[in-house]
Amino acid sequence: RYAMSGILERVTAFLQERGVDSERPNYEDFLPFDQLHGRGIRATREHIERAGIKSSMHVLDLGCGVGGSSRVIAATCGCRVTGIDLTPQYIEVALELTRRCGMADRIEFRQADALDLPFAKGTFDHVWCHNVTMNIQDKRRLASEVARVLKRGGRFSCSELGQGPGGALIFPLPWATDASASFLVTPAMMRQALEDGGLRISEEIDLSDAGIAFIREMRARAERGDPPLNANHLIMGDDLGERIRNVGRCAMEKRVVEHFIL
């Protein structure tokens, strides 16, 4: 669904245009394009703060994309990270970008399905999920797999979009061209699915206002003629602008809501 050829070439050109040595970058040089979710690096850092990840932990990044969150988690928390994604091209790019910025000793990536995780029971201290469940229909199965691979006392953190009360979605969206690939549920349904799968919810936060404030900020930047803060089109395609406009409208009209679960 997310496969696109030529990502590394696009990324390399982007870095070189900004005077970055594309063979020896810092992971922070990737932040404009590797945080594949709303509010970008701000949202990633907020998630890290809420998740309570420690340096001694082994973290699983579910739906890691090109490894953006994995690298920020490893760099910020000093922990080990394993990232999985269903899209082989994303894993190839994740491996290469992580090699280039010298973090391959702390992070591993593999192509895998979140509903059939290739790990033994009790492998991870923390499982991280950020804007992934919109593409997963069987959320109870997801929760049971997360519960299986978590160590006793381990935690799951999930920052996601959900179905809001404002009506039908407007496609295309960043995660789906049409309704056949989109599996949003209400926050209450998400909570129920996680609990049915064996997870216990300790905290839930509505992030919708933060998302709407960010949309307004981005619109104001565009009206001033300022350059956009993110370049996610390098990874997700040149039609991303339309998709982002649609999700912005969906958020403003409460067709989608944003929430965090721990």
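The values are calculated or read from the model by the stated rules, or taken from the named source; none is laboratory data. Quantities reported herein were computed from a predicted structural model and do not represent experimental measurements. In this analysis, Cβ positions are derived from the backbone assuming ideal geometry, glycine residues included, and neighbour counts consider all displayed protein chains. All accessible areas refer to the heavy atoms of the entire protein, side chains included, with ligands and DNA or RNA removed. Shrake-Rupley method; radii C 1.70, N 1.55, O 1.52, S 1.80 Å.
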Which residues, taken from region 251-262, are closer than 15 Å to Ala168 by Cα and open to solvent by less than 20 Å² (accessible area, probe 1.4 Å)? Ala251, Val256
Counted residues in region 33-59 being open to solvent by 40 Å² or more (accessible area, probe 1.4 Å), under 23 Å from Val247 (Cα atoms) and part of a helix (DSSP H, G or I) come to 3
Across region 216-250, the tally of residues that are open to solvent by less than 20 Å² (accessible area, probe 1.4 Å) and either in contact (Cβ under 8 Å) with a residue 60 or more places away in the chain or among the charged types (D, E, K, R) (or both) stands at 7
Residue by residue through region 83-112, note down the ones that are assigned to a loop (DSSP other than H, G, I, E, B), over 16 Å from the mean Cα position of the chain (by Cα) and farther than 22 Å from Arg45 by Cβ. Ala104, Asp105
Residue tally, condition assigned to a helix (DSSP H, G or I) and under 18 Å from the mean Cα position of the chain (by Cα), over region 213-240: 7
Keeping to region 2-30, report how many residues are in a helix (DSSP H, G or I) and open to solvent by 60 Å² or more (accessible area, probe 1.4 Å). 5
Picking from Glu108, Glu195, Glu160, the residue that is among the acidic types (Asp, Glu) and buried (at least 20 other Cβ atoms within 10 Å of the Cβ) would be Glu160
Could you tell me whether any residue of region 74-95 is in contact with a helix residue (DSSP H, G or I) (Cβ under 7 Å, 6 or more places away or on another chain), surrounded by fewer than 19 Cβ atoms within 10 Å (Cβ to Cβ) and among the β-branched types (Val, Ile, Thr)? yes
Identify all residues within region 111-141 that are surrounded by fewer than 18 Cβ atoms within 10 Å (Cβ to Cβ) and in contact (Cβ under 8 Å) with a residue 60 or more places away in the chain; write none if there are none. Thr123, Asn135
